[in-house]
Each structure stands twice: as structure tokens, then as C-alpha cells.
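For reference, the structure is listed below as C-alpha cells.
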2 protein chains.
Amino acid sequence: MTKKFKIDSNSPTPIYQQIADWMTENITSGTWEKGQKLQSEEELSRQLEINRGTLRKAISVLIEQGMLIRIHGKGTFVDEQKISYPFAQELISFAESMEAKGYTFQTNVLEKKIIHPNIQTQKKLDITDNDYVLYLQRVRLIENEPTIVLANWVSLKHCPGIDQEDFETVSLFSAIEKYSNSKITVGTRRFSAKALNQKQANLISMNKNDPVLHINQTTFLLNDIPIEHSEVLLRTDKYEVTSVLTR
Amino acid sequence: MTKKFKIDSNSPTPIYQQIADWMTENITSGTWEKGQKLQSEEELSRQLEINRGTLRKAISVLIEQGMLIRIHGKGTFVDEQKISYPFAQELISFAESMEAKGYTFQTNVLEKKIIHPNIQTQKKLDITDNDYVLYLQRVRLIENEPTIVLANWVSLKHCPGIDQEDFETVSLFSAIEKYSNSKITVGTRRFSAKALNQKQANLISMNKNDPVLHINQTTFLLNDIPIEHSEVLLRTDKYEVTSVLTR
């Protein structure tokens, strides 16, 4: 049950912050469930015996912190907890990460073709103008929500036949290891923030110019052979990338 | 000297991509210098003997890839290479990272005060309502450009006196180790993308709603004592965060 809120007028903590703290406690303790709708501002301010401006300030603080979310015309809701990926920590694939956490996910292949890559990709994969790569564009859905857009370029020189694989059911890392008859050993990842263009936004049900995490990856087989390059767009309003680092 | 461009009409690579590849080669080889202005579209299309629409498509591809940058009313320029931080790789501080790379940087302290933190911060630092923290807000400039906004909450319980330090000249990590008489051993970092609000945008000379990387960090002393929590906003149009991962 929701703990009663009482203003502590002797506390140095401002009242809006006391309300925000009380709400945070209700959310982190699970008293208020994820997705639950808050009472109207009118009801809440009357019930808590505070003025509406102070309540609004508290709510704004929690929206800023991602604890609450305001949906226009519908009200204010307890936000979903973010799902975290250890992408900055381990060379784990999206599929492996989701399987480990027990989430259901689905892969839609939008494009799969054999191409001559441009010079930038040639340099990343240490191949020439005469070499071919498999180009894949996929969208990943978690719990039925489109979340990640992936573009991959796989060096066919070291993975002949990999283009025959069905990437709606098979993970790219396992296919690479199967067709290369080698092991993925190391990867480099670069993280930056990007604003979505309209086409990308449509793919993951967001709006144009919404911010997403952009991950730029190159993976290597044994003997430092670069085998795959990818560009990944990840929505981080519900998901985030984590890393535990030692000194 | 710039290598002459010649269309290969037998290549499966589309002409705009051949132009983009030729430009990329000029940029990555250093023939075209960082910051150099490109000739006008009219001049370039005449010189390369291609139509202007094809040239524009090639330029768009390179702008999208961050090789070129178009500045309204000024022209198209070779973009600066991104500076990379191994923030997703090592528990290295911003100051240490910049020093290692030989960049000049400067720190402006915007706010420095002792406060009672809210419940969320209390939980992260494992302290109670009665404990105090040092709250710091700083802006970091690299090569005279504002690049990072940092907000830090440092547990005073384990670092008494740290508030007397001058954080324009002393790094937070070294001050923590000095006043706690302990060692920073581990840190957790969470990465997501955010759109700047107007106030944040002003601090790093960007525009409202521009995308930035948001890093959420907690650092620990020996014996797993949480000592510091921070929220960092990093512009990644010129900078990015890197990680080398093994499997």
C-alpha cells in the first residue's frame, strides 16, 4: 500500500523534492507498478495537501529522471524500467544478451544481398575492390517492440556460403563461426549519439530527430582477421548499454 | 596531389558511390586536409565530368558518414576526425584521457555546494537522509571548445574536506583518493542517448534537442564503498566513446 505522504517542514529538503522522493520510494519499492497511471494533478494535490505548482515541479523532476512519463492527452504514468545490455562490457551479441535475460525477441531481415563494398568498408574489412561482402539490414524487436536497427557487412572471402543462412532464425555471430570455421575473438565498439532520420524513425516506431545510441562495430576472427563491420541504432528510452570497469 | 577521378563504367559500383569512394580516399590519405573547403558543386561537377545531381548524392553520403560537413552559406568542408575516449573500456577519467592524448583542456566549475541528496542519490551512494554530499557541476572544454557537462555527487562521509579542493585545477578522481585515503577500484557506466534541453545546449554551444551521449556513472572505493555518482553529457559530433572487447 502507498505510504502516506507528510511534509517535513523542518527538513532542508525543499517540498517538491520531498514529494519527488516519496514518489520515487513508491516506484522503486514496487508499490506503484510499472505502467500504472497516476491520479490527476487535481486529486493528488488535494490528497497530499500541497499546491498544484509544487506537485507539478516534483512530477517534472521525475519525468526528467525517467521515473515517470507524460503521455499527451492520456496522463502521467510510472515509466518502464530500462532493460540494460552489457554491450560496452563484453563482446556479446544482441541475441545472446536477450537470451541470457529471458526476453523474447524477433528478427526481421529487411535486406540481404551480396555487394562490392565502398572503400571505407573495404578498409575496415581489409579487402579490395574485387572482394564481395554480404550486406544485411535487420530490425530487432524485443517483446514485440522494434528496438534496434542493424546494418552488417560480412567479408565473404572468409565466410563463403554464409549468405545462404536464414538470419531471421540464426544469429550472425554463430553463422560467422560456422562458415569461417574459426572463432570470433575480439571486437571494437564505438558509441555516439545520433538523431534519427525519417526512414530510420519509421523502422523503430520513433519520431524523426529522436536521439538514439549509434554503435559502430568491427569484429575479428583468430589471427586478427576483420570479418564483420556493423552500424547499429539502438533506442535508449527503454534500453541502455552498461559496462562495469576496473581500474 | 589529388588523384584524378575516372568513372569506371564496367564497375557494379554506382557512379555516385565511385565519387564518394574517390573523395574518401582523398580524405583518409590526407591529400585533402581536415577543415579544407571543397570546390563549389559547379566547379567539381565540371572537373569530374559528372552531372551535379550525382555529385550531390556522393556528397550527401559522405556528410551522412561524417567525412564531410556542410556549413550553411559557407560551403562543404572536410570534417575533423573524431577524438575518441576509451570510456567504455577503462575506468579512466576525462582528465586522464585527455592528458594521455596530449589535448589541452580546461575545466569550469559552475556550481560547488554541500547538500542533502535526494533518495535516488542516497540509494546509489548507500547513505541516509542525514548524510551530506558535495555537489559539483562542471563544464569541460577541449581545445577551447565546450564538450562535456558533468554533474557529480560525492559522499562526504568517506571524503571529509574534499569540498575545499579547487576543481578547476584538480581532477575529481585524484581528490577522492586523497581525501578518502583509499583507492578507486571499480565503476559502473550506463550509456544512453538524450536530446539536450535549452539550458544544457547553452553550456556546450549546441542547439536544443541535439543528440548527446548520456553517461550515468557510480564509482567505488576498496571494500565496495560507493563514493561518487555522476551524470555526464558528452557531445559526440566530434568525440566518441570506444571499447575493445574480447570474447
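Here are the numbers for the structure shown:
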read-out	value
Copy-to-copy label separations for B:LYS208, where each label sits 7 Å from Cα toward Cβ, in nm and ascending	1.9
For chain A, share of DSSP beta bridges that run antiparallel, in % to the nearest 5	95 percent
Cα centroid of the range B:14-69 to Cα centroid of the range A:1-43, whole Å	56 Å
Sorted by Cβ neighbour density within 10 Å, fewest at the top, the residues B:ILE71, B:ILE127	B:ILE71, B:ILE127
Gain in span if fully extended, B:GLU168 to B:LYS34, counting 0.36 nm per residue against the direct Cα distance	45.1 nm
At 7 Å out from Cα toward Cβ: B:TYR132 inter-copy label distances (nm, ascending)	7.1
Farthest positive-ward along the protein assembly as shown dipole, Cα basis, beta-carbon charges - from B:PRO14, A:LEU44, B:THR121	A:LEU44
Chain B: translational diffusion in µm²/s, Stokes-Einstein, Kirkwood Rh over Cα pairs, 10 °C, 1.306 mPa s	76 µm²/s
Estimated FRET transfer efficiency (B:ILE7, B:ASN207; beta-carbon r; R0 51 Å; 0.05)	0.85
Length-normalised contact order for the range B:172-247 - Cα pairs under 8 Å, 6+ apart - percent	26 percent
Spin-label zone in the range A:162-200 - amide nitrogen under 14 Å from a point set 7 Å from the Cα of A:ILE114 along the C-beta vector	A:162-165
Check: chain B dipole with +1 on Lys, Arg Cβ and -1 on Asp, Glu Cβ, in debye	580 debye
Given B:LYS37/B:LYS238; A:LYS183/B:LYS101; A:LYS4/A:LYS34; A:LYS123/B:LYS74; A:LYS199/B:LYS57; A:LYS113/B:LYS37, the pairs whose alpha carbons are separated by over 28 Å	A:LYS183/B:LYS101; A:LYS123/B:LYS74; A:LYS113/B:LYS37
Which of A:SER182, A:SER40, B:SER174 has the fewest Cβ neighbours within 10 Å, and the rest in rising order	A:SER40, B:SER174, A:SER182
For B:HIS72, A:HIS116, order by how many other beta-carbon atoms lie within 10 Å, fewest first	B:HIS72, A:HIS116
Structure-based [θ]222 nm, chain A - -39500 (n - 2.57) summed over DSSP H runs of at least 4, per residue, nearest 500	-7500 deg cm²/dmol
Which of B:THR147, B:PHE220, B:SER192, positive extreme of dipole for chain B (C-beta unit charges)	B:SER192
0 to 90° range, to nearest 10: angle between helix A:15-28 axis and chain A longest Cα axis	50 degrees
Dipole in debye (nearest 20) - the protein assembly as shown, about Cα centre, beta carbon charges: Lys, Arg +1; Asp, Glu -1	760 debye
Relative contact order of the range A:15-78, defined on C-alpha pairs under 8 angstrom at six or more residues apart (%)	42 percent
Copies compared at A:ILE114 - label distances in nm, ascending, label defined 7 Å from Cα in the Cβ direction	7.2
Cα lying deepest toward the dipole's positive end in chain B, options B:PHE5, B:GLY66, B:ASN207, charges on Cβ	B:PHE5
The range A:43-118 - percent relative contact order, Cα under 8 Å, separation 6 or more	11 percent
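Each reported figure results from applying straightforward, stated rules to the coordinates on display, with no laboratory input. On a predicted model such as this, the values are computed, not experimentally measured, just so you know. As a convention, Cβ positions derive from the backbone with ideal geometry for all residues, glycine included, and neighbour counts pool all protein chains shown.
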